[in-house]
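The values are calculated or read from the model by the stated rules, or taken from the named source; none is laboratory data. What you are looking at is a predicted structure, and each value in this text was computed from that prediction instead of being measured. Ideal geometry is used to build each Cβ from the backbone, glycine not excepted, and the neighbour counts take in all protein chains shown.
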Amino acid sequence: MKYSFSLLVATLATTSVAAPLVLDYSEATIEKLKGHQAAAIKSSTEVLQAAGTTENEFLEGGCRDVIFIFARGSTQDGNIGDDPGPQTIDQLKAVLGADAVAAQGVDYPALLIDNLRKGGCDPEDADNMRALITQAATQCPSSKLVVSGYSQGAALVHRSIESASAAVKNRIYAAVTYGDTQKEQDGGKIPNFDASKTLILCHDGDKVCEGTLIVTDAHHEYHDLAPEAVDFIASKV
């Protein structure tokens with residue numbers, strides 16, 4: 001079965017489809033399609049990253065009591081996106097104190113096509129997120145780390161944490177995912193990580209959380225669950 005790239009993107013982004021989406025692409029094909037999409041969105045991404053959906057408080061400002069690392073969803077703006085990253089950060093700072101939390105987004109392409117990969121993301125992107133988490137753990141030995149992500153960003157949370165060292169995992173006080181594309185695949189948990197420190201948030205009817213690539217209205221507007229996420233994080237830090 002062949003899909004044009006534009007049709008593939010439209011299919012992944014659709015709000016309703018009649019049957020489960022089943023796609024099988026080789027790594028070589030994914031790389032080719034990824035190159036096409038990256039070229040198409042490069043200039044617009046640069047503009048969007050200047051629009052205020054980026055947080056670099058750890059990389060630019062150093063350690064704080066809590067370092068909150070967030071990975072946005074596919075095609076979202078900046079490095080934290082517009083929903084639910086900013087809302088979670090704002091509410092967490094309201095609870096813990098603005099000066100107590102360093103918000104840090106994960107810089108990665110967030111391409112739609114990478115949702116087709118094993119594990120739900122590009123392994124290189126997961127490696128880079130793990131390196132960021134490790135940097136925070138090493139550079140800030142007194143800080144409490146919190147890791148979070150939405151949609152493809154949730155997949156990055158799974159893959160980056162599961163492969164982190166035991167010492168780094170011990171420094172992560174909470175991991176929260178929204179609209180988790182790997183919830184079903186990973187059995188409702190983050191592999192090799194303490195389930196008591198994990199919260200996976202999914203809207204009723206979000207089929208992405210059921211192991212599909214069907215994107216419905218339920219996969220959007222996750223800011224309504226930010227209070228639950230913040231309550232959980234506050235209870236752990």
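Taking residue 126 as the residue in question, decide whether it is farther than 23 Å from residue 75 by Cα, outside any loop (DSSP other than H, G, I, E, B) and in contact with a helix residue (DSSP H, G or I) (Cβ under 7 Å, 6 or more places away or on another chain). So residue 126 fails the test. Within segment 134-160, if we keep just the residues that are surrounded by 24 or more Cβ atoms within 10 Å (Cβ to Cβ), among the β-branched types (Val, Ile, Thr) and in contact with a Ser or Thr (Cβ under 9 Å, 6 or more places away or on another chain), the residue that is nearest to residue 212 (Cα to Cα) turns out to be 157.
Report yes if residue 226 is free of Cβ contacts under 8 Å to residues at least 40 places away in the same chain, within 23 Å of residue 74 (Cβ to Cβ), of a type in the set (A, V, I, L, M) and in a helix (DSSP H, G or I), otherwise no. Against the criterion (free of Cβ contacts under 8 Å to residues at least 40 places away in the same chain, within 23 Å of residue 74 (Cβ to Cβ), of a type in the set (A, V, I, L, M) and in a helix (DSSP H, G or I)), residue 226 does not qualify. If you go through segment 166-207 and keep only what is in a strand (DSSP E or B) and under 13 Å from residue 133 (Cβ atoms), you end up with 172, 173, 174, 175. Of all the criteria given as (1) within 27 Å of residue 205 (Cα to Cα); (2) modelled with pLDDT under 95, the one not satisfied by residue 73 is (2).
Among residues of segment 138-165 that are part of a strand (DSSP E or B), those with a beta-carbon under 6 Å from a residue that is among the basic types (Lys, Arg) at least six positions away or on a different chain give the pairs 145/171.
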